[in-house]
1. Once label points are set 7 Å from the Cα along Cα→Cβ at both PHE153 and GLN102, what is their separation, rounded to one decimal in nm?
2. Say R0 is 30 Å: what FRET efficiency, to the nearest 0.05, do THR143 and ARG95 get from their beta-carbon distance?
3. Quick one: which of 60-66, 10-16 comes out on top by average Cβ neighbours within 10 Å, and what's the full order, highest first?
Amino acid sequence: MRLERNKEWWMAQARSEGDVVIGVGFSACAPKLDQERAGMPVVAAEEARIAFGKFVNLMRRRLGFSAEKLADEADLDVSEVLVIEDDVHYLPDPRTVYQLAQLFEVPQQRLMQLAGLTAPSDTNFLHEAARFAARSESLHKLTREENSALEAFVSVLSERATKAR
């Protein structure tokens, strides 16, 4: 017995799902292709990922977490957390974004858009994301802990440079 479904039936099923994010097949493995097919400009995608990195950084700091603690809490690799915060070209896995959305208690669908994994349906969202990133640039001096960590790392760098000579 063969069941056939027409396009209208599938569309009705999709509408009944609401805002649930579902990925299957090839598009689930390579969500960036959806962004390319949707015609999302590369510049807009980079602006969104800049905002994504800033958002992750600020949420991590708001929670009082180090990058290592955030990685532990979200069940991620610490190097991935660092790359997310610093590399606008990095495209995280959907699982990573899902883990962060759960930890930060924000909508997964919007965070996927911010990470550049899916194209936003609202063009104003990208504009607001860019504004957020621009306003979130820290103007504060280093905290005592940040300064101490920086000094310790500079001394390690200096040691390695001296040994290399």
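Bear in mind that the values in this text are calculations on the coordinates, not laboratory data. Predicted, not measured: the structure shown is a model, and the values here were computed from it. No Cβ is skipped: glycine too gets one built from the backbone with ideal geometry, and neighbour counts run over all protein chains shown.
1. 2.9 nm
2. Values: r = 32 Å, r/R0 = 1.06.
Approximately 0.40, to the nearest 0.05.
3. Working: 60-66: 13.6, 10-16: 9.7.
The most tightly packed comes first, giving 60-66, 10-16.
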